[in-house]
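Undergrad: Sharing a structure below in structure tokens format, with a few things to ask.
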Amino acid sequence: MNLTAIIAALQQGDLRALARAISIVEAGGATAEALLDQVPLLASKADVVGITGAPGAGKSSLLDCLIEVYKQRDSRVGVVAVDPTSSVHDGAILGDRIRWMRHACSPNVVIRSLASRGSLGGVSAATAAVVRLLAAAGCRPVFVETVGVGQIGSEIAGIAGLVVALTAPGLGDDIQMMKAGVLDVADLVVLNKADLPGASALHSALAAELEHRGGRIISTNAIDGGGVAELVGAIDELRHAAGRTPNGHPVDRSRLEARIVEHSLALLRPRLRARLATMANLNLPPDDLARILAEAHETSRPLSNP
Amino acid sequence: MRGKILIAKPGLDGHDRGAKYIARCLRDDGFEVVYTGIRRTPEEIVSSAIQEDVDVIGLSILSGAHLEIFAEIFRLLKERGAGDIAVVGGGIIPEPDIITLRAAGVRAIFTPGSSLEEMLVLFRELAGETRRQRGLITS
């Protein structure tokens, strides 16, 4: 397989080559590493927008509205959608694309569905690398929709320059809002399904929560497109003001540190997985396990001792 | 992960219980399944299959339009250089048409009464075949 030819073709915008490169990267191992060595790093994480939130909050439906807006612009829109792999059966239903079928034939929209494949942080181990491939194929921005998450699963903060967290009425009261979770890493908080009963109580609870750290709440209705223009405006504003909160203050240090940790882990995870994948027999004697752990330690050392 | 499958219902037919059942069974057998829903055009199906880099396309058709739809799917796959994706079908399809479709390149047609085990075995074979050709698995 000629990796250089695949990369040259995807940089020309060839969708078949892009799709194949993504499959190689998802499969992991030495071929994936060799391919990624030839793919340019992201010029700016401001081009990567994460969409996260609870299952059923309306992430895919709202993203459908965003794709409709961004596809009218000059560049291609990239979308990476992650759905959960069954921990029992190892398979997955990738059901985000079904919300976006009206864009299926648009030359300006590139969509790829990924299964989480054992990762618990809301994205798959290969997601960061897949985003790089889409960017190399000219996608600006690249949207990343996470698995449905809430109280854990903040890995998206290591991949996206801008995180939009969705919530909707009926998912919990003000105590739920106080708990740690994706709201901690959100740059924008979206109250979707804003037409439903309970929306104004939820808005108050969110506003009280955001009082502690600043940030903006945008109410949307993905069915009739209400609030979408305001959301697009806020996303664009933040993309163009990298490193600043909506209030114009610098991003606070603890959130930045959390983001650096998530980002470092996102870089490390595929390398560890690739090393494990090269060891064919997982029914390991204790000596081998000790060796793998030592190797894992070696792999992580450059990050822990920069 | 055994492979990646796209399940779709082309044309004007909304009876999706069978397609959803197969998608779910494939999931439980370790496949990653992209389900694109009902009333899809051949263009939407082929475009999605290419972007998702699937190994097999499975089409459920109960409307009677199978001859036209499969022909258009194959025409588009060939036109876009994606002829290596295996195509299978299921639905209400008369015996003489099954012979025509098999001759046209459809790898299998499943009708009411087909066994699930038989379908899973075929999906495993076809996905393995495509992935080996693509160098995604080496064994």
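The values are calculated or read from the model by the stated rules, or taken from the named source; none is laboratory data. Treat the numbers as computed from the prediction; the structure is a model and nothing was measured. With ideal geometry, Cβ positions are generated from the backbone for all residues, glycine too; neighbour counts draw on all protein chains shown.
Undergrad: Consider A:Glu33 carefully, then state whether it is in contact (Cβ under 8 Å) with a residue 12 or more places away in the chain, more than 23 Å from A:Ala194 (Cβ to Cβ) and either assigned by TED's automatic domain parsing to the domain that holds A:Val182 or surrounded by fewer than 20 Cβ atoms within 10 Å (Cβ to Cβ) (or both).
TA: For A:Glu33, the condition - in contact (Cβ under 8 Å) with a residue 12 or more places away in the chain, more than 23 Å from A:Ala194 (Cβ to Cβ) and either assigned by TED's automatic domain parsing to the domain that holds A:Val182 or surrounded by fewer than 20 Cβ atoms within 10 Å (Cβ to Cβ) (or both) - is met.
Undergrad: Follow-up question, since we're still on this one. Are any residues in region B:2-38 within 9 Å of another protein chain (Cβ to nearest Cβ) and in a loop (DSSP other than H, G, I, E, B), and if so, which ones?
TA: B:Arg2, B:Asp29, B:Gly30, B:Thr36, B:Gly37
Undergrad: Could you grab me the full set of residues in region A:75-86 that are within 11 Å of another protein chain (Cβ to nearest Cβ) and in a loop (DSSP other than H, G, I, E, B)?
TA: Answer for region A:75-86, where residues must be within 11 Å of another protein chain (Cβ to nearest Cβ) and in a loop (DSSP other than H, G, I, E, B): A:Pro84, A:Thr85, A:Ser86.
Undergrad: Taking A:Cys65 as meeting all but one of (1) under 18 Å from A:Val164 (Cβ atoms); (2) within 14 Å of another protein chain (Cβ to nearest Cβ); (3) assigned to a helix (DSSP H, G or I), write down the number of the exception.
TA: Going through the list (1) under 18 Å from A:Val164 (Cβ atoms); (2) within 14 Å of another protein chain (Cβ to nearest Cβ); (3) assigned to a helix (DSSP H, G or I), A:Cys65 breaks only (2).
Undergrad: In the list A:Val77, A:Val82, which residue meets the criterion of being assigned by TED's automatic domain parsing to the domain that holds A:Pro169, buried (at least 23 other Cβ atoms within 10 Å of the Cβ) and farther than 17 Å from A:Ala136 by Cα?
TA: Answer to the check: A:Val82.
Undergrad: Let me ask something else about it. If you check A:Leu166, A:Leu120, A:Leu188, A:Leu162, which single one turns out to be of a type outside the set (Lys, Arg), touching a residue at least 12 places away in the same chain (Cβ under 8 Å), touching a helix residue (DSSP H, G or I) at 6+ places or on another chain (Cβ under 6 Å) and under 30 Å from A:Asp37 (Cα atoms)?
TA: After applying the criteria, what remains is A:Leu162.
Undergrad: Could you tell me whether region A:195-216 includes any residue that is touching a helix residue (DSSP H, G or I) at 6+ places or on another chain (Cβ under 9 Å) and either in a strand (DSSP E or B) or not assigned by TED's automatic domain parsing to the domain that holds A:Gly148 (or both)?
TA: Yes, that holds for at least one residue.
Undergrad: Name the residue, out of A:Ala125, A:Ala157, that is out of contact with any strand residue (DSSP E or B) (no Cβ under 9 Å at 6 or more places or on another chain), at pLDDT below 95 and either buried (at least 24 other Cβ atoms within 10 Å of the Cβ) or not in a strand (DSSP E or B) (or both).
TA: Just a single option satisfies the conditions, and that option is A:Ala125.
Undergrad: Can you pull out every residue in region A:1-42 that is among the polar types (S, T, N, Q) and assigned to a helix (DSSP H, G or I)?
TA: Within region A:1-42, A:Thr4, A:Gln11, A:Ser23, A:Thr31 qualify.
Undergrad: State which residue pairs qualify: first residue at the interface with chain B (Cβ under 7 Å from one of its Cβ atoms) and inside region A:87-109, second residue in a strand (DSSP E or B) and of a type in the set (Asp, Glu) in any location, beta carbons under 7 Å apart, and separation of 6 or more residues or different chains.
TA: A:Gly91/B:Glu32; A:Ala92/A:Asp83; A:Ala92/B:Glu32; A:Ile93/A:Asp83; A:Leu94/A:Asp83; A:Leu94/B:Glu32; A:Gly95/A:Asp83
Undergrad: If A:Gln72 satisfies every condition in (1) more than 9 Å from chain B (Cβ to nearest Cβ); (2) surrounded by fewer than 18 Cβ atoms within 10 Å (Cβ to Cβ); (3) farther than 30 Å from A:Gly226 by Cβ but one, which is the exception?
TA: That leaves (3) as the condition not met.
Undergrad: Just name the residue that is surrounded by the most Cβ atoms within 10 Å (Cβ to Cβ) out of those in region B:96-139 that are free of Cβ contacts under 8 Å to residues at least 60 places away in the same chain, within 14 Å of chain A (Cβ to nearest Cβ) and not basic (Lys, Arg).
TA: So, considering only residues that are free of Cβ contacts under 8 Å to residues at least 60 places away in the same chain, within 14 Å of chain A (Cβ to nearest Cβ) and not basic (Lys, Arg), the one surrounded by the most Cβ atoms within 10 Å (Cβ to Cβ) is B:Leu136.
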